[in-house]
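The values are calculated or read from the model by the stated rules, or taken from the named source; none is laboratory data. For clarity, every value in this text was computed on a predicted model and none was experimentally measured. No Cβ is skipped: glycine too gets one built from the backbone with ideal geometry, and neighbour counts run over all protein chains shown. Just so you know, the surface numbers come from the protein's heavy atoms only, side chains and all, with ligands and any DNA or RNA stripped out. Shrake-Rupley method; radii C 1.70, N 1.55, O 1.52, S 1.80 Å.
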Amino acid sequence: MLWHTGGMLPLFLAVFTVIFTLISMAELRKGLAFAARGVEVSGQVMDRDEVRVRRDDRWQTDHYLTMRYTVPDEVIELRRKVTRSVYDASDIGSSRTVRYMPDAPRQVEFKIGETLAAGQTMRWLALALGLATLGTLWWKGGRAVDAIRARKFGALEQVTVTGVREIKHKNDRTYTLEWTDADHVTGSSLTSGSRARYADYPPGSRIEVYRGARGHMWWVGDVGPRTAAATVPSVGRG
């Protein structure tokens, strides 16, 4: 029932929470290693360039620097993506301090401390996602519990179908069956990706719903029929 009432959302957020947590841990570990063992040297800006990229249906600009710096027995030249502020402060031919790992000299920070800062930012994002996951799980879980309780204990009522509502999304559309009860209070089913699911319920037809504890109406077609209770023997009077 949790899945039918939107359980995919907290699951989706939980996956991203785990991903952001793992990334933040890796960045924090790397940032601490830079702070403890990193070697700072003076590097030279060899080139700078901008690249236009399309993300989320809009154009954005990425900024890159090509830096040259010297480590024992080697001169290294690397091109890396940087922030706009670092890009604007780095003219070609200018010098800036970079920090590299002695056991992996191509592992470098063009801005001192950027790795640790990124890890701390990702940590806060992971925390925010974790809180959002708990919040949506409480929200969607509460709906699932209400549906289950309505199916088990709620009053069974008949309502009148008023039609099928189409809900348009960015890349697709979903549908929901709508109705009114005897007091002209409107209700709707859970969404479905198929309009054909409601073909047998034209406007004016009668369907059965369960009434939840807070008054929400749950369509029997969504939550399933109620399990019949065992018959209680009738005891006659002597």
### Linear extension gain, residue 53 paired with residue 145, 0.36 nm per residue minus alpha-carbon span
28.6 nm
### Message
Give me the one-decimal nm value for the distance between modelled label points at residue 120 and residue 205, 7 Å along each residue's Cα-to-Cβ direction.
### Response
6.1
### Message
How tilted is helix 8-37 with respect to the longest principal axis of the chain? Cα atoms for both, answer in degrees (0 to 90, nearest 10).
### Response
20
### Query
Setting aside same-chain residues fewer than 8 positions from residue 170, which aspartates and glutamates have a Cα under 13 Å from its Cα?
56, 57
### Task
Sticking with the crude label model, points 7 Å out along Cα→Cβ, report the distance from residue 186 to residue 46 in nm, one decimal please.
6.5
### Task
Provide the per-residue ³J(HN,Hα) series for region 208-224, in order, calculated from phi with Karplus coefficients 6.51, -1.76, 1.60 and θ = phi - 60°, each as a whole number of Hz, with x at glycine and proline positions.
9, 9, 9, 9, x, 4, 9, x, 5, 9, 10, 5, 4, x, 8, 9, x
### Task
Determine the relative contact order of the chain: mean sequence separation of Cα pairs under 8 Å and six or more apart, normalised by residue count, in whole percent.
20
### Query
What whole-number value in Å² describes the accessible area per residue of the chain for a 1.4 Å probe?
64
#### Entry: Dipole of region 142-185, positive direction: furthest Cα of 150, 162, 182, with charges on the beta-carbon
150
### Query
Angle between the Cα long axis of helix 114-153 and the longest principal axis of the chain, 0 to 90 degrees, nearest 10?
0
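Given a 1.4 Å probe and every protein chain left where it sits, what share in percent of the accessible area of the chain is carbon and sulfur? Provide the component values of the computation, followed by the final result.
Numbers: 8540 of 15260 Å².
Within the chain, the accessible surface is 56 percent carbon and sulfur.
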### Task
Scan (1) 23.6; (2) 18.3; (3) 19.4 for the value of Kirkwood radius over Cα pairs in Å calculated from this model and give just the label.
(1)
### Query
Between residue 95 and residue 227, what is the spin-label point distance in nm, taking each point 7 Å from the Cα along the Cα→C-beta axis?
7.9
### Task
Compare 159, 41, 15 in a GNM of the chain, Cα atoms joined below 10 Å, and give the one with the largest fluctuation.
41
#### Entry: Using θ = phi - 60° and Karplus 6.51 cos²θ - 1.76 cosθ + 1.60, couplings along region 156-162 (whole Hz; Gly, Pro as x)
8, 10, 10, 10, 10, 5, 9
### Message
So, taking all protein chains as they sit and a 1.4 Å probe, how much accessible area belongs to residue 194, in Å² rounded to tens?
### Response
50
